[in-house]
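**Student:** My structure is below; once you've seen it, I'll send some questions.
The values are calculated or read from the model by the stated rules, or taken from the named source; none is laboratory data. Just so you know, these numbers come straight off a predicted model, no measurement behind them. Glycine also receives a Cβ, built like all others from the backbone with ideal geometry; neighbour counts cover every protein chain displayed. These area figures cover heavy atoms from the full protein model, side chains too; ligands, DNA and RNA do not enter into them. Shrake-Rupley method; radii C 1.70, N 1.55, O 1.52, S 1.80 Å.
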Amino acid sequence: MDRKQAENYVFISLFVIPVLIFISTPAHPEGNITLQLDDFIDRYLFRNGWYSPSNYPFAAKVTNSLSVVWAVVTGSFMGIWRRNDIIPSLLPKNIGWILLVMVGLGAYMILMSFYPQEFNTSGGRRSFPFTESFHNTPPLFLAMIIVKEV
């Protein structure tokens, strides 16, 4: 396997891993293993994630937490993998500000994973992407997780 092929597999895994986690996780913790996983996520990872749907709360919690961990692991791997590909003469002069903005956006995304968002289901205005019903369909939930992860 060459270098470009390995990079493609890592990038594709950002889309595939959350889908596999979501499909293989029950909607609510039932057995001993899922209860231990729920306790582990509550103690050491991101708890309810960036929103807590009413239809499949456990699957959403596990998918969000593990996909964030997977994104950090793959991002670190790619940073180490491509560390020698940086050409200093091609870097923009304001690289410090760009890095500061990227760190700020990264911190914001991590904070979105810590604190669950509350969605208002009633209201006079139509707000399709921000209603709970939008997030309670599994394909749209996975789309939001993948967008956040990539």
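**Student:** Could you order peptides 17-26, 3-12 by the average number of other Cβ atoms within 10 Å of their residues, highest first?
**Tutor:** Top to bottom by mean Cβ count within 10 Å: 17-26, 3-12.
**Student:** Give the lysines reachable from LYS61 as a straight Cα distance under 26 Å; neighbours fewer than 8 places away on the same chain don't count.
**Tutor:** Cα-Cα hits under 26 Å: LYS148.
**Student:** Can you compute 3J(HN,Hα) from phi for each residue in the stretch 92-99, using the Karplus curve 6.51 cos²θ - 1.76 cosθ + 1.60 with θ = phi - 60°, rounded to whole Hz and x for Gly and Pro?
**Tutor:** x, 5, 9, 5, x, 5, 5, 5
**Student:** Probe radius 1.4 Å, ligands and nucleic acids ignored: give me the carbon and sulfur share of the accessible area of the stretch 14-86 as a rounded percent. Could you put the intermediate results ahead of the total?
**Tutor:** Numbers: 2620 of 4190 Å².
The C+S portion of the solvent-accessible surface of the stretch 14-86 is 63 percent.
**Student:** For the stretch 1-83, what size does the Cα cloud have along each of its three principal axes, sorted from largest down, in whole Å?
**Tutor:** Here the spans come out as 43, 24, 23 Å, largest first.
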